Amino acid sequence: MMLKSSFSNARSALPFIIPALLLIVLFVFLPIVFNLYYSMFRWSAFDMNGEFVGLDYYTKLFRDPVFYIALKNNSLYAVISLLFQVGGGLVIAAILEEKIIRRWQPFFRTVFFMPAVISISVVGLMWQLLYNPDIGLINGALKAIGHNDWARSWLGDSKTAIYAVVAVSQWQYTGYMTMLFLIAMHKIPGELYEAAMMDGASRIRTFFHITIPQLKEMILVGSMITVIGAFKVFDEVYVMTFGGPGRSTEVLGTMLYRAAFRNDEMGYASSIGTVIFAITLLLSLLQMRISKTGREV
Amino acid sequence: MTGLNRLYRIAIWLWFAAYAICILYPLFWLAMNGFKSNRNFFLDPWGLPEKWQWQNYVSAWKAGIGHYFLNSAFVTVVSVFLVLLIGSMAAFGLSRFRFKGANLLLLIVVSGLMLAPQVSLISLYKMLQMIGLYNTHWGLIVPYVAFQLPFSIFLMRSYFLSIPRELEESATIDGCSTWQVYWHIILPMGKPILASAALLTGMNVWNEFMFAMVFIEDSALRTIPVGLMNLRSQLNTDFGVQLAGLAISALPMIIVFILFQKQFVRGMMAGSVKG
């Protein structure tokens, strides 16, 4: 047929695709190849003619104690976020679907989601003030309930700083995960619950035996997004602590930024970039395997 | 049984109310302290303002927020427009045509979803310097468009697939070219998903921080997220104005979200991707 011909040859499809393809290849993929190349040279931002050093920066990186602090902090981010955003988000979504609160669901889900749309610099600067040892709300609240001894400089103390930063991420994104779970729950057929109810199953039982199995895929995808996100963290740490006090809150992202734009060790920074690439690629491949069934691609 | 039920109910309400307060109160605190004089803020950071200093908001706007706001608006509007145009074309090409290699192209495009922007930070910084876009608004727009395209294409393509083929077949019989099919059938029918893609892209671009900090050197060209950091060091002692600036920056996204929840949610679900 005539019409088949115009929609079945690449020549008529390519003009539509090429602009996007070009942009993505040039500005998303090519920089990764360059990053790998750059990581093998000693160079500074103002002098491109670097000296070839091979894999020296990788050896240096694996011997750098800060690298392990960063890895530990990224992992901490991942574990706590899984617990609060995926675990907490799931429970909150399930409760929002309960009869007793469903009428209020639109209100709660809007409020819970709200922080996710605000820029991280607003959120970070605001929390910096809330954590302030003298005027902050956190210490104020602790003093109000009679725990003066718990009050401290949350972001200034190397023991608490990373937890204080991670907590802000939970504040910002738990509602996001809740929303994803809510939408997925709306797709579970109601008959499943009705049948369970007839059999006299309790709410807790239906949660474990119907809700969780039905949402299995969303839970896996949500977990992967969260873990990948934890290894991409940069903004909140940069805004609130810039890796300090000391290097106690350093994550891979801030380590890279510091090496490149504070210490002008571009080659070293590129090697950190490669490590971030390797970790996120591995996790993404895992996610693609897991989520293959659910997507219409 | 009913007694226990009641206890559950009260516990859940308390929990949810406490959580809602944990979110709303800091935001309220932010906006309210934006109205205080510095003295008032230090003496009583919790209470209502002694005197409502509207001029804090005016000062914050004049101290740079207004300028950053316009920069952000320009970068966001242009990026969203380009993502919608280039993205919908690619989504059309990848959803309505059958040809060899289509799956490979799709795989390349969608793989872009997985890549962490940090990995490209240094090479992009160098590339933008070489092609002369460093320290210009286009130095932000081009990477933003490139990084937002994979998700938008993914989103729009799934939607375009659901548009019945008969429509374009009859249009082709009537003599429409593929461009006319794209323009007169796919785009109008795809409006809901274009709206979702626009909102999510807009939100991500408006809030983007790392590229905005590294690729722009000139304070006059800064967007809001980075501009706020400037404002902090510049107004280190004037908390009222600083907080007013933060409030002005947070407000547009909150309003847009409340107005267009449905479109946000649709896009999120299709993508399940965090900004």
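Every read-out reported here was derived from the displayed coordinates using simple, explicitly stated rules and does not represent laboratory data. The shown structure was predicted, so the numbers you read here are calculated from the model rather than taken from an experiment. Here the Cβ positions follow ideal geometry from the backbone for every residue, glycine too, while neighbour counts run over all protein chains shown.
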Are there any trypsin sites (Lys or Arg not before Pro) in the stretch A:56-107 that are in a DSSP loop and have at most 14 other Cβ atoms within 10 Å? List them by number. A:Arg103
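A 27 angstrom limit on the alpha carbon distance is what I want to check against. Which of A:Lys187/B:Lys262; A:Lys159/A:Lys216; A:Lys232/B:Lys36; A:Lys99/A:Lys187 exceed it? Before the final figure, lay out each step's value.
Values: A:Lys187/B:Lys262 16 Å; A:Lys159/A:Lys216 36 Å; A:Lys232/B:Lys36 37 Å; A:Lys99/A:Lys187 17 Å.
The pairs that break the limit, which is 27 Å between Cα atoms, are A:Lys159/A:Lys216; A:Lys232/B:Lys36.
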Leading residue at positive end of dipole, chain B (Cβ point charges), from B:Gly227, B:Ala73, B:Met156: B:Met156
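At 0.36 nm per residue, minus the direct Cα-Cα distance, what do A:Phe46 and A:Ala141 gain on full extension? Give it in nm, one decimal, please.
Gain on stretching A:Phe46 to A:Ala141: 29.3 nm.
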Dipole of the protein assembly as shown [Lys/Arg +1, Asp/Glu -1 at C-beta], most positive-end residue of B:Ile255, B:Gly190, B:Ala116: B:Gly190
Ranked A:Ser39, B:Ser177, A:Ser121, criterion: other C-beta atoms within 10 Å, fewest first: B:Ser177, A:Ser39, A:Ser121
Near B:Met89, within a Cβ-to-Cβ distance under 14 Å, what is the net charge of the other residues, with Lys and Arg +1 and Asp and Glu -1? +2
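Just want the ordering: A:Val79, B:Val110, from fewest to most Cβ atoms lying within 10 Å of their own Cβ. Write out the running numbers ahead of the final one.
On the way: A:Val79 14, B:Val110 19.
Listed from fewest to most nearby Cβ atoms, that is A:Val79, B:Val110.
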Protection proxy ranking, peptides A:171-180, B:178-187, average beta carbon neighbours within 10 Å, highest first: A:171-180, B:178-187
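For A:Met197, what is the net charge nearby, where nearby means another residue's Cβ is under 13 Å from its Cβ and Lys, Arg count +1, Asp, Glu -1?
Numbers: positive: A:Lys99, A:Arg203, A:Arg205; negative: A:Glu98, A:Glu191, A:Glu194, A:Asp199.
So the environment of A:Met197 carries a net charge of -1.
Given contacts defined as C-alpha pairs under 8 Å and at least six residues apart, what's the relative contact order of the stretch B:1-71, whole-number percent? Display every interim value, and only then the final one.
On the way: 29 pairs, mean separation 15.4, N = 71.
The value is 22 percent.
What does the charge count near A:Arg262 come to, summing +1 for each Lys or Arg and -1 for each Asp or Glu among other residues with Cβ under 13 Å from its Cβ? If you can, show how the numbers build up before the last one.
Values: positive: A:Arg247, A:Arg258; negative: A:Glu250, A:Asp264, A:Glu265.
Charge balance near A:Arg262 sits at -1.
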Assuming R0 = 30 Å, can you tell me the calculated FRET efficiency for the pair A:Val33 and A:Ser248, based on Cβ-Cβ distance, to the nearest 0.05? 0.30
With +1 assigned to the C-beta of every Lys and Arg and -1 to the C-beta of every Asp and Glu, and no other charges, what is the dipole magnitude of the protein assembly as shown about the Cα centre in debye, to the nearest 20? 880 debye
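Arrange B:Val83, A:Val33 by Cβ neighbour counts within 10 Å, fewest through most, would you? List each step's numbers first, then the result.
On the way: B:Val83 30, A:Val33 10.
Neighbour counts put them in this order, fewest first: A:Val33, B:Val83.
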Rounded, prolate or oblate (a/c below 1.5 giving rounded, otherwise prolate when a/b exceeds b/c) for the protein assembly as shown by Cα gyration tensor: oblate
Taking θ = phi - 60°, what integer Hz values does the Karplus form 6.51 cos²θ - 1.76 cosθ + 1.60 yield along the stretch B:15-30, in sequence order, with x for Gly and Pro? 4, 5, 5, 4, 5, 4, 5, 4, 8, 6, 4, x, 5, 5, 4, 4
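Go through A:232-238, B:37-43 and give me the packing order, highest mean Cβ count within 10 Å leading. The partial results should precede the final answer.
Working: A:232-238: 23.9, B:37-43: 15.0.
So the order, starting with the most tightly packed, is A:232-238, B:37-43.
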Just to confirm the filter: which GluC sites (Glu not before Pro) across the stretch A:30-135 are DSSP coil and have at most 14 other Cβ within 10 angstrom of their Cβ? A:Glu98
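Please get the size of the charge dipole for the stretch A:1-125, origin at its Cα centre, with Cβ charges of +1 on Lys and Arg and -1 on Asp and Glu, quoted in debye to the nearest 20.
Details: 10 positive and 6 negative charges, 112 e Å.
Here the size comes out at about 540 debye.
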Out of the chymotrypsin sites (Phe, Trp or Tyr not before Pro) in the stretch A:67-143, which ones are loop residues according to DSSP with at most 11 other C-beta atoms within 10 Å? none
Amide H of A:Phe41 versus every other amide H placed in the peptide plane: which residues, excluding those fewer than 5 positions away on the same chain, fall under 5 Å? A:Val53
